[in-house]
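Chemist: Before I ask anything, here is the structure I am working with.
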Amino acid sequence: MKKKAIPGVGIFKDRAGKDYQFWRVRLGKRFTGGKVVKKSFHTHKAACDWVDEQKKAKTENGARVFELTPPQVAESVDAFKRIGGKASLTEVVDFWFKHACPVGGTKAFEAVTSEFLKSREAMNCKPTTMRNYRSSIKILNEEFGKEEIHDIRKADIEDWIAESDWEPRTRRNYIVTLITLFNYAIGSEYCVTNPAERVPRPILDDTPPGILTPPQAIALLAATGACMPEMIPGIAIGLFAGLRRSEVCALDWSEIDLKAKTIEVKAAKAKTRQRRIVTIQDNLLAWLEKPCLMKGPVAPDVDVFGERLKHLVKGRKPAGDDPGRPAIVHEWPHNALRHSFGSYHYASFKNENLTAAEMGNSPGVVFKHYRAVVKEEEVAAYWAIRPGQLAETEAPAGKC
């Protein structure tokens, strides 16, 4: 029985050589609605069966069925099998575009960190904050710099952290910096997830802050007076007023009122961006009343201050006729000047709100870190440290 003609469909007998013939099917634009589709078959029945399949597919799915090539159809079938009904093919494709082709474009990690630093400078982050960011980012770029940021996974970060020999606090700091960087990248649409957020942070031991004993504080001031008298005001303010190093090094003499016995930490110079007034204790007043210029910066910049403090703390080995100078402590406690103030001030006044106001901290932080750190007998000795006490502990003469 002759097959009824279908508009846009042609079935033709063709020949390849003397003894071989085949049937060629042509689905024209009238049938497909778009491109022409051609296919060959060994028998007329096979050709007709295929045409019926295409007609049925067109009826069920419209002309879109002819938009895919046979290899694309085969790939689609394989994709459906691999998905196994867990999601639609559209959902899989959308997920791929979202994660592998971020809206903001693909960016190398080091390019993102460069943009991040510029953004933080534009936000007017403090010099100390920017210095910390640059220091951490330099190390991070050595590991991830050339990788596209959307390709970095949680396992990559965990492996890198695990291979290091850093202390728990250092590991934690790098993880926190990575979290900040990835959050910036998400905001810039360079990636859609933050893998660092899911990296476990090392648990830190709740250890009391390292502080100086009264004799150590006296020895430090004695060495400073003998070797670097210009450092006396900054070190004394750190010990007896508790300003952060960055705040001490940004302080100007015009912000110290010896009559009112106050130090003004301006908002622009405070880590918290909040102005505060710090009380000058009686012993600190004695240190600040010593003859000095009392004009301009109270201390050198942060880096110079840190290097000079380190030099004073380390002491000097004896050499020839030079008796040397003993080290103040064998291992300098982190932020020892400020932590000493917090510990002795809280022990003296028993008021976490007052100590917090002086330090620019929260009462909770003060209560957690500075409660019961020093002995009662040491408190009076600490606040009694004045220039006149240094006569017996003067640093040995010689090179500083």
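Table: residues versus (1) among the β-branched types (Val, Ile, Thr); (2) in contact with a Gly (Cβ under 8 Å, 6 or more places away or on another chain).
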residue	(1), (2)
Thr193	yes, no
Val199	yes, no
Thr213	yes, no
Pro233	no, no
Arg245	no, yes
Val248	yes, yes
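Chemist: For the condition exposed (fewer than 12 other Cβ atoms within 10 Å of the Cβ) and within 23 Å of Ile218 (Cβ to Cβ), what is the one hit in Glu358, Glu307?
Modeler: Numbers: Glu358 fails: exposed (fewer than 12 other Cβ atoms within 10 Å of the Cβ).
Checking each option against the conditions leaves just Glu307.
Chemist: Which members of region 225-260 meet the condition of being under 10 Å from Leu337 (Cβ atoms) and open to solvent by 10 Å² or more (accessible area, probe 1.4 Å)?
Modeler: Arg244, Arg245
Chemist: In addition: Collect the residues in region 126-144 that are over 14 Å from the mean Cα position of the chain (by Cα), free of Cβ contacts under 8 Å to residues at least 40 places away in the same chain and surrounded by fewer than 15 Cβ atoms within 10 Å (Cβ to Cβ), keeping them in residue-number order. Step through it out loud before you land on a result.
Modeler: Of all residues in region 126-144, those over 14 Å from the mean Cα position of the chain (by Cα) come to 126-128, 142-143.
Remaining after also requiring free of Cβ contacts under 8 Å to residues at least 40 places away in the same chain: 142-143.
The answer is Glu142, and nothing else.
Chemist: For region 169-194, which positions are open to solvent by 20 Å² or more (accessible area, probe 1.4 Å) and touching a His at 6+ places or on another chain (Cβ under 8 Å)?
Modeler: Within region 169-194, Tyr190, Val192, Thr193 qualify.
Chemist: Might you let me know whether region 337-350 holds any residue that is at pLDDT below 85 and closer than 19 Å to Pro215 by Cβ?
Modeler: no
Chemist: Further, regarding this structure: Using the structure shown, decide if Phe41 is at pLDDT below 80 and touching a strand residue (DSSP E or B) at 6+ places or on another chain (Cβ under 8 Å).
Modeler: Values: at pLDDT below 80: no; touching a strand residue (DSSP E or B) at 6+ places or on another chain (Cβ under 8 Å): yes.
So Phe41 does not fit the description; no.
Chemist: Select from region 202-251 the residues that are among the acidic types (Asp, Glu) and either under 26 Å from the mean Cα position of the chain (by Cα) or at pLDDT 95 or above (or both) and list them in ascending order.
Modeler: Our first condition is that a residue be among the acidic types (Asp, Glu); within region 202-251, this holds for 205-206, 230, 247.
Within region 202-251, Asp205, Asp206, Glu247 meet the criteria.
Chemist: Let me ask something additional. Being open to solvent by 50 Å² or more (accessible area, probe 1.4 Å) and polar (S, T, N, Q) is the filter here; which residues of region 98-125 pass it?
Modeler: Those that are open to solvent by 50 Å² or more (accessible area, probe 1.4 Å) and polar (S, T, N, Q): Thr106, Ser114, Asn124.
Chemist: Name the residues in region 157-179 that are out of contact with any helix residue (DSSP H, G or I) (no Cβ under 8 Å at 6 or more places or on another chain) and closer than 25 Å to Pro209 by Cβ, would you? Can you show your working first?
Modeler: In the first step, residues of region 157-179 are kept if they are out of contact with any helix residue (DSSP H, G or I) (no Cβ under 8 Å at 6 or more places or on another chain); the result is 158-159, 162-163, 165, 167-170, 172, 176.
Within region 157-179, Asp165, Glu167, Pro168, Arg169, Thr170, Arg172, Val176 qualify.
Chemist: If Arg316 satisfies every condition in (1) surrounded by 15 or more Cβ atoms within 10 Å (Cβ to Cβ); (2) out of contact with any strand residue (DSSP E or B) (no Cβ under 6 Å at 6 or more places or on another chain); (3) farther than 30 Å from Leu354 by Cα but one, which is the exception?
Modeler: Every listed condition holds for Arg316 apart from (2).
Chemist: Another one. Would you tally the residues in region 304-324 being among the basic types (Lys, Arg) and either in a helix (DSSP H, G or I) or under 32 Å from the mean Cα position of the chain (by Cα) (or both)?
Modeler: Filtering region 304-324 for residues among the basic types (Lys, Arg) gives 308, 310, 314, 316-317.
From what's left, either in a helix (DSSP H, G or I) or under 32 Å from the mean Cα position of the chain (by Cα) (or both): 308, 310, 314.
Qualifying residue count, region 304-324: 3.
Chemist: Follow-up question, since we're still on this one. Identify, by number, the condition in (1) in a helix (DSSP H, G or I); (2) open to solvent by 40 Å² or more (accessible area, probe 1.4 Å) that Phe341 doesn't meet.
Modeler: For Phe341, the failing item is (2).
Chemist: Residues that are surrounded by 17 or more Cβ atoms within 10 Å (Cβ to Cβ), under 15 Å from Leu221 (Cβ atoms) and within 35 Å of the chain's Cα centre (by Cα): does region 284-303 have at least one?
Modeler: Yes, that holds for at least one residue.
Chemist: Where in region 68-152 are the helices (runs of 4 or more DSSP H), entirely inside, with at least 3 residues that are at pLDDT below 90? Don't jump to the end; show me each part of the working.
Modeler: Working: elements: 70-83, 89-100, 109-122, 127-144.
Fully inside region 68-152 and qualifying: 70-83, 89-100, 127-144.
The values are calculated or read from the model by the stated rules, or taken from the named source; none is laboratory data. Model, not experiment: these values are computed from the prediction. We place every Cβ from the backbone using ideal geometry, glycine too, and count neighbours over all the protein chains shown. Accessible surface areas use protein heavy atoms only, side chains included; no ligands, DNA or RNA. Shrake-Rupley method; radii C 1.70, N 1.55, O 1.52, S 1.80 Å.
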